[in-house]
């Protein structure tokens with residue numbers, strides 16, 4: 001089986017809109033357009049990225065369960081300019097965690113519908129995540145001699 005990994009620009013767009021007619025055996029993508037094909041039975045979800053299985057696809061394994069060396073995670077973070085007062089950072093963190101922990105939001109799975117699960121945390125935890133990923137993916141870049149083009 002030949003696998004293809006698509007980035008979000010420019011070739012992933014046709015693949016997301018109609019994955020059943022795209023000449024690839026595998027698409028690594030996470031968004032609501034792709035998921036609607038899975039729900040409709042036109043595409044098969046083989047694995048998901050993250051720290052825990054998705055509640056809307058509980059029988060689909062994590063990629064790291066299949067291949068532990070590919071312990072990839074997708075995350076979104078909100079960053080502020082250097083020098084931002086700590087009081088503002090704390091207030092923003094509190095407000096975002098409050099929204100992410102909102103029971104109604106989780107029950108409706110609004111974020112899950114767009115392939116995101118809220119994972120509230122602290123600015124320090126986000127900084128640690130960025131440092132860890134920088135080290136981990138930096139090692140891959142050096143190991144495989146990857147460069148920008």
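Could you please let me know if residue 72 is touching a helix residue (DSSP H, G or I) at 6+ places or on another chain (Cβ under 7 Å) and within 30 Å of residue 140 (Cα to Cα)? Judged against the criteria, residue 72 is a match. I'd like to know if the stretch 120-128 contains one or more residues that are modelled with pLDDT under 90 and in contact with a helix residue (DSSP H, G or I) (Cβ under 7 Å, 6 or more places away or on another chain). Yes, some residue in the stretch 120-128 is modelled with pLDDT under 90 and in contact with a helix residue (DSSP H, G or I) (Cβ under 7 Å, 6 or more places away or on another chain).
Of the residues making up the stretch 80-93, those that are surrounded by 10 or more Cβ atoms within 10 Å (Cβ to Cβ) and within 24 Å of the chain's Cα centre (by Cα) number 4. Residues that are modelled with pLDDT under 80 and either in a loop (DSSP other than H, G, I, E, B) or in contact with a strand residue (DSSP E or B) (Cβ under 8 Å, 6 or more places away or on another chain) (or both) occur in the stretch 94-112; there is at least one. Restricting attention to the stretch 40-64, the residues that are within 14 Å of the chain's Cα centre (by Cα) and surrounded by 11 or more Cβ atoms within 10 Å (Cβ to Cβ) total 10.
The values are calculated or read from the model by the stated rules, or taken from the named source; none is laboratory data. The shown structure was predicted, so the numbers you read here are calculated from the model rather than taken from an experiment. Heads up, the Cβs are rebuilt from the backbone with ideal geometry, glycines too, and the neighbour counts pull from every protein chain shown.
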